[in-house]
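To start, the structure under review is shown below, and the notes come after it.
The values are calculated or read from the model by the stated rules, or taken from the named source; none is laboratory data. This is a predicted model, so every value here is computed, not measured. Don't worry about glycine lacking a Cβ; one is built from the backbone with ideal geometry, like all the others, and counts go over all protein chains shown.
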Amino acid sequence: MAVIIYHCEMARWEPDGRGRLADAALALYGERGFENTTVAEIAERAGLTERTFFRHFTDKREVLFWGAGALQELFVNAVAEAPEGSSPIDAIAAALEAAGDALQQRGDFPRQRQAIIASSAELRERELIKLATLASALADALRQRGVADPAASLTAEVAIAIFKIGFERWVEESNQRTLPQLLRESLEELKAVTAGG
């Protein structure tokens with residue numbers, strides 16, 4: 001359903017305002033850099049108002065992080081829904097597969113986002129906080145499955161390391177292999193190392 005926003009006696013139609021703002025922000029961050037882009041410029045590029053921007057995002061950083069909650073929910077649900085009797089690492093493997101599939105379907109957005117984050121110390125710090133929060137949520141999901149500590153915490157931290165390394169490899173390879181493929185490979189390499197191979 002379309003929403004009409006009134007501003008300065010001018011009607012603005014706002015189909016997919018969040019998506020338009022996110023696309024505009026990514027384009028501007030890529031052209032000018034994160035620090036040199038203002039909320040006003042993002043709104044103007046999207047053909048919307050600053051007020052509309054703040055209805056969707058708390059600040060210009062949030063454009064890059066608003067999907068973190070959905071990603072965390074995807075990870076946690078995949079762990080919770082892993083077959084009964086699955087080992088902790090197999091439950092995590094299911095979560096990595098689900099997250100890899102979801103990010104793969106987002107096209108170039110994850111790669112563009114990563115390039116912008118890599119260019120800013122402030123954004124890299126925010127990304128680390130997001131990953132730490134995700135690790136904590138995964139550990140809680142494993143505890144819900146009956147995994148005791150420190151195994152739950154260790155497995156969750158390992159999952160984040162696998163995710164981070166697999167994602168970085170995917171960004172660097174530019175579509176040679178899929179993200180789920182690289183996450184599976186990273187997990188298998190870890191298993192080989194821990195098995196003494």
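Things to note:
- Taking the conditions (1) within 12 Å of the chain's Cα centre (by Cα); (2) modelled with pLDDT of 90 or more; (3) surrounded by fewer than 17 Cβ atoms within 10 Å (Cβ to Cβ); (4) farther than 25 Å from THR194 by Cβ in turn, LEU131 satisfies each one other than (4).
- Identity of the residue in the stretch 136-177, in contact with a Pro (Cβ under 8 Å, 6 or more places away or on another chain) and under 20 Å from GLU73 (Cα atoms), that ends up modelled with the lowest pLDDT: PHE167
- Single match in LEU26, LEU71 (criterion: surrounded by 14 or more Cβ atoms within 10 Å (Cβ to Cβ), touching a residue at least 40 places away in the same chain (Cβ under 8 Å), of a type outside the set (Asp, Glu) and within 21 Å of ALA121 (Cβ to Cβ)): LEU26
- Within the stretch 85-127, considering residues that are of a type in the set (Asp, Glu) and within 17 Å of ALA141 (Cβ to Cβ), the one surrounded by the most Cβ atoms within 10 Å (Cβ to Cβ): GLU97
- Scanning the stretch 133-150 for residues that are touching a helix residue (DSSP H, G or I) at 6+ places or on another chain (Cβ under 6 Å) and touching a residue at least 40 places away in the same chain (Cβ under 8 Å) yields LEU134, ALA137, LEU138, ALA141, LEU142, VAL147.
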